[in-house]
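What follows is one structure encoded as C-alpha cells, with my remarks underneath.
The values are calculated or read from the model by the stated rules, or taken from the named source; none is laboratory data. In this text the structure is predicted, and so the values were computed from the model without any measurement. Backbone-built Cβ (ideal geometry, glycine too); neighbour counts: all protein chains shown. Protein only, heavy atoms only, side chains kept; ligands, DNA and RNA dropped before computing areas. Shrake-Rupley method; radii C 1.70, N 1.55, O 1.52, S 1.80 Å.
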Amino acid sequence: MSLYIRELYKNFNQFERVGMTKEDINEILSFGDNYDKAYSFLANRYLIWEEPFSSVSSGDHKNGYKFFKGGKICPLKNILRKHLTSYKKNKAAIIWIGADGVQKVYTYQSLFSDVIKTASAMRKLGVKRGDKIMLHMPNIPELVIFMLACTKLGAVHVVYHASYSAESLADRINDCKPKIVVTTDESITGGYVKMKEKLDSALTKVEEEPKFCIVVERTRKRVHMKPLRDLWYHDLISDEKHSNANALPYEPHGGEDDMFMLYTSTNMSEPKALTFSYGGYLLWAYISYLLIFDTKPTDTYWCTADISWITGHSYLIYGPLMAGQTVLIHEDTIDTDNATKFYDICDKFNVNKLYTTPAMLKSLMNAAQKKKVFRDIKSVELVATGGEKLKEEQLEWAASKLFKNKAAFIDVYSLTEAGGAIYAPIPGLGDLEYGTVSKALPTVPAILMDKTTKKFISDVDKQGELVLKAPFPSLATSIYNQPGIFESIYWKESNNKAYFSTGDGGKFNENGNMILTGRLDDVLHINGKRLSLVEIEEAVKKYENIKECALININDEKRGEKLIAFCVLKKQIDESYHDQTVREIRETILDEIGEVALPGEIRFSRTIPKSPDGIILRDLLKEIAMQM
C-alpha cells in the first residue's frame, strides 16, 4: 500500500465527529430494515414540528407515496430561525465571493432579516401557497434569499440554470406557469450574459406571461423594464413596510406539501420537473449532510456545485444551513484558467471541508503541471467528490500534493430523484475503499437487482441495477403536470413487490462495497451536470441538414469527460463547408438548450450503428471514437 493511501485511511479513520457522533449513527443503524420506525425517530429528533404527523409513509407505487402526512412544519424555523436563539445568531451563514472578486458576508441574523423582507414583498405582490416562482439566476446571495423566502410563504421555487437558452427557458415557463420570474440584469459567470434580455426573448415565446418579473442588479447594466410587469429587487425591498417584516405570521405547511420543483434530464425527449415535499426532503438534506460532513463550530464549508442542481440545493443551501454551518458560495466555476481563485479562497477563509467534482480537481492538477499555478493547502480536512469517478492519478495528486496528506477523501453517490446522497463512506466510522462508494447510507433502502431475473444480487462482481426496495422520504413525489408518469417511469414491480429504479448500474466487490458501473439509460452525469442524450440529439436534429444523431461520452484528459456527437447528414457537403456546418449545429444546440449541452466534438458519419430493434449501440460508437 502506497504512502498516500495509508495516509488517506488514517485521516478517514481519525476524522473527529462532533455534530453527529458515532453513538448517534449507531443508534440510527440499530433500526435495520425497520424504515418507518427509523424515519419517525429521525423526523422527531432532527426536525421541529408545529403539529405531529399522523403517519410516516402512506400510499403505494401506483398512485405515489407521501411522507409525514398530517404533520405541520415551518421550514424557515428549521433552516434559520432556530439558530437565532444561540451563539450562531451572529455567526457567518454565507460567505459569498463573486466572479469579479466582490465579497459579501451574511450572518444567520442578517440572512433571516433579508429573507423575511423578501417574503413580505412577495406576499404584497400576491404570492400565496402553491404559486410557482422561477429563479433564473447565477450563484448570487439573492438566489438563496428567494429560495428561502419561498419556503416561508409555501410558494414552490423552481431554480433553472443560468446558462440555458431563451428557447429552453420559455419551454419551462410554459410548463410550470410561474407567477413570478426572478433574474438578474446580467451574469458574469463565464463571460457577460444578458440575463434580462434573454428572459425578455423567452417571454415572447410563452403562452402566458408571469404576472411579475423581478430583476436583481448584478452589473448595474441598463436593461429594458416593461411597466407594471418588471420590478427592480432593490426597489421592492426598500419599501418601509418591509423593514419591519418580522411580524409576518408563521404559517406552517403540510409535511407532504410541495416545496420545490427541479427540471432534470430523463430518458424522455424533454426534461420534466420533479417535485419534492417539505418534510421528507428537509429531513434527508439535514441528516445526510450530518452523516457525510459532520459539523464543528469552526467549520468553513465549500461546495462548488451550482445551486440549480440537486447537489447545490441539498449540500450548498438546505443541509449545511440547517446544520448551522458557515457556507462558502463562489459565483463562478473553478477551472484551469482561474485556478488561482481556488487557492486564494481556501487561504483567506481557511476552508476545511470541501465538496467538489473530479473535473475541478483535474483542472487544478492541469494548472499546477502546465501553468505552474500551485500552493499547498493545509486547512482542508475532508474532501468529498461526486458526479463522476475520481481517477487514481487525480486522487494521488490531490491527496499528496495539493492537500499534503492532511485530508480524508470520500466518493459520494447522489441521485437527483432521491434528493441527495444515497451511498457514501461515513468519515470516522464507515467502511472506506477507494474505487467504490462504500455502502448505502443508514436508512437508505438500496439494493442491487438483476435486470433480467429481477432477483436481488449479493454475489461478488455481478453487475445489476441499483434500486430502492422501499419508499424513501426525500424521493421526488411526482413529475409536475404529468399525473402517473413519475410512477410509470421509476416505480416497477416484481413478484408483487415494488422497487424504485435509479437507472444506475453497479456491482459488489469482495468486501461488499459498491462499484458504480454507469448509467443504464440515456442520461449522463458530466462534470456534476445531468444531461439527457435524447434531448440533445433531438435538438441537433432540428438543424435542417441532420438526418440522424447519436451522442456518447468518453474520457478526456482536460475535462475528465467529453461529449461527442455523431451526425448523419441528409445531403453530403463539400469539405470547405465542414467548419461552417459544425458551427451552425452548435448554434442550434445553444438556441434549443444552452451552453451546458454543447458537445466537445461533432463528427459526421454515413450511418449510426443500431441493434435490430433500433437501439443506438453507444458502446460500439465509443470504441470507434477512441480509435479515431
note = The condition of being within 24 Å of GLU186 (Cβ to Cβ), in contact (Cβ under 8 Å) with a residue 60 or more places away in the chain and within 25 Å of the chain's Cα centre (by Cα) holds, among ILE79, ILE140, only for ILE140
query = Looking at VAL215, VAL206, which one is part of a strand (DSSP E or B) and at pLDDT 95 or above?
reply = VAL215
query = Looking at (1) at positive phi; (2) in contact with an Asp or Glu (Cβ under 7 Å, 6 or more places away or on another chain), can you tell me which one MET449 breaks?
reply = (1)
message = Filter the stretch 328-360 down to the residues that are among the hydrophobic types (A, V, I, L, M, F, W, C) and in contact with a Ser or Thr (Cβ under 7 Å, 6 or more places away or on another chain) and list them by number.
response = LEU328, ILE334, ALA339, CYS346, PHE349, VAL351, MET360
query = Inside the stretch 536-593, can you point out the residues that are touching a Ser or Thr at 6+ places or on another chain (Cβ under 9 Å) and polar (S, T, N, Q)?
reply = ASN545
query = Can LEU47 be described as under 27 Å from the mean Cα position of the chain (by Cα) and not β-branched (Val, Ile, Thr)?
reply = yes
Condition met for THR275 (at pLDDT 95 or above, in a strand (DSSP E or B) and over 30 Å from GLU16 (Cβ atoms)) = yes
ask   = Can you name the condition, by its number, that LYS341 falls short on among (1) touching an Asp or Glu at 6+ places or on another chain (Cβ under 8 Å); (2) surrounded by fewer than 22 Cβ atoms within 10 Å (Cβ to Cβ); (3) within 19 Å of THR477 (Cα to Cα)?
value = (3)
ask   = Can you name every residue in the stretch 493-518 that is open to solvent by 20 Å² or more (accessible area, probe 1.4 Å), assigned to a strand (DSSP E or B) and touching a residue at least 60 places away in the same chain (Cβ under 8 Å)?
value = GLU493, ALA498, PHE508, ILE515, LEU516
ask   = Considering only the stretch 616-628, how many residues are surrounded by fewer than 10 Cβ atoms within 10 Å (Cβ to Cβ) and either at pLDDT 80 or above or in a loop (DSSP other than H, G, I, E, B) (or both)?
value = 1
Qualifying positions in the stretch 554-574 - open to solvent by less than 30 Å² (accessible area, probe 1.4 Å) and either within 17 Å of SER605 (Cβ to Cβ) or modelled with pLDDT of 90 or more (or both) = ILE554, LEU563, ILE564, ALA565, PHE566, CYS567, VAL568, LEU569
query = Is it true that some residue in the stretch 59-73 is open to solvent by 40 Å² or more (accessible area, probe 1.4 Å) and more than 30 Å from GLU487 (Cα to Cα)?
reply = no
query = Can you name the residue in the stretch 156-187 that is modelled with pLDDT under 95 and in contact with a Gly (Cβ under 8 Å, 6 or more places away or on another chain) and, of all such residues, is farthest from ASN481 (Cα to Cα)?
reply = SER163
Residue among VAL596, VAL534, VAL568, VAL582 that is hydrophobic (A, V, I, L, M, F, W, C), in contact with a His (Cβ under 9 Å, 6 or more places away or on another chain) and either more than 30 Å from GLY386 (Cβ to Cβ) or in a helix (DSSP H, G or I) (or both) = VAL596
remark   = In the stretch 376-393, anything open to solvent by 10 Å² or more (accessible area, probe 1.4 Å) and modelled with pLDDT of 95 or more is listed as SER379, GLU381
query = TRP232 passes all but one of (1) in contact with a helix residue (DSSP H, G or I) (Cβ under 8 Å, 6 or more places away or on another chain); (2) among the aromatic types (Phe, Trp, Tyr); (3) without any contact (Cβ under 8 Å) to a residue 24 or more places away in the chain; which number fails?
reply = (1)
task = Within the stretch 476-492, work out how many residues are open to solvent by 10 Å² or more (accessible area, probe 1.4 Å) and touching a Leu at 6+ places or on another chain (Cβ under 9 Å).
result = 4
request  = Considering each residue of the stretch 201-216, count those that are charged (D, E, K, R) and either in contact with a helix residue (DSSP H, G or I) (Cβ under 6 Å, 6 or more places away or on another chain) or surrounded by 16 or more Cβ atoms within 10 Å (Cβ to Cβ) (or both), and give that number.
outcome  = 3
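Okay, residues lined up against (1) under 21 Å from the mean Cα position of the chain (by Cα); (2) among the small types (Gly, Ala, Ser); (3) farther than 25 Å from TYR423 by Cα:
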| residue | (1), (2), (3) |
| --- | --- |
| SER288 | yes, yes, no |
| LYS296 | no, no, no |
| GLY324 | yes, yes, no |
| ASN338 | no, no, yes |
| LYS348 | no, no, yes |
| LEU354 | yes, no, no |
| ALA359 | yes, yes, no |
| LYS372 | no, no, yes |
remark   = When every residue in the stretch 475-517 that is farther than 23 Å from SER58 by Cβ and of a type in the set (A, V, I, L, M, F, W, C) is compared, the one nearest to the chain's Cα centre (by Cα) is LEU516
inquiry  = Quick check on THR304: is it modelled with pLDDT of 95 or more, open to solvent by 10 Å² or more (accessible area, probe 1.4 Å) and under 28 Å from GLY518 (Cα atoms)?
reply    = yes
ask   = How many residues does the stretch 218-228 hold that are in contact with a helix residue (DSSP H, G or I) (Cβ under 9 Å, 6 or more places away or on another chain) and either surrounded by fewer than 15 Cβ atoms within 10 Å (Cβ to Cβ) or of a type in the set (A, V, I, L, M, F, W, C) (or both)?
value = 5
ask   = Given the conditions (1) aliphatic (A, V, I, L, M); (2) open to solvent by 10 Å² or more (accessible area, probe 1.4 Å); (3) in a strand (DSSP E or B), and given that ILE237 satisfies all but one, which numbered condition is not satisfied?
value = (3)
inquiry  = Please determine whether any residue of the stretch 407-416 is part of a helix (DSSP H, G or I), under 25 Å from PHE260 (Cα atoms) and either open to solvent by 30 Å² or more (accessible area, probe 1.4 Å) or in contact with a helix residue (DSSP H, G or I) (Cβ under 8 Å, 6 or more places away or on another chain) (or both).
reply    = yes
message = Exactly one condition in (1) in a helix (DSSP H, G or I); (2) in contact with a strand residue (DSSP E or B) (Cβ under 9 Å, 6 or more places away or on another chain) is false for LYS401; which is it?
response = (2)
ask   = Considering only the stretch 323-362, how many residues are closer than 14 Å to THR304 by Cβ, of a type in the set (Ser, Thr, Tyr) and at pLDDT below 95?
value = 2
request  = Report whether or not LYS469 is under 27 Å from ASP411 (Cα atoms), modelled with pLDDT under 90 and either touching a strand residue (DSSP E or B) at 6+ places or on another chain (Cβ under 9 Å) or of a type outside the set (Ser, Thr, Tyr) (or both).
outcome  = no
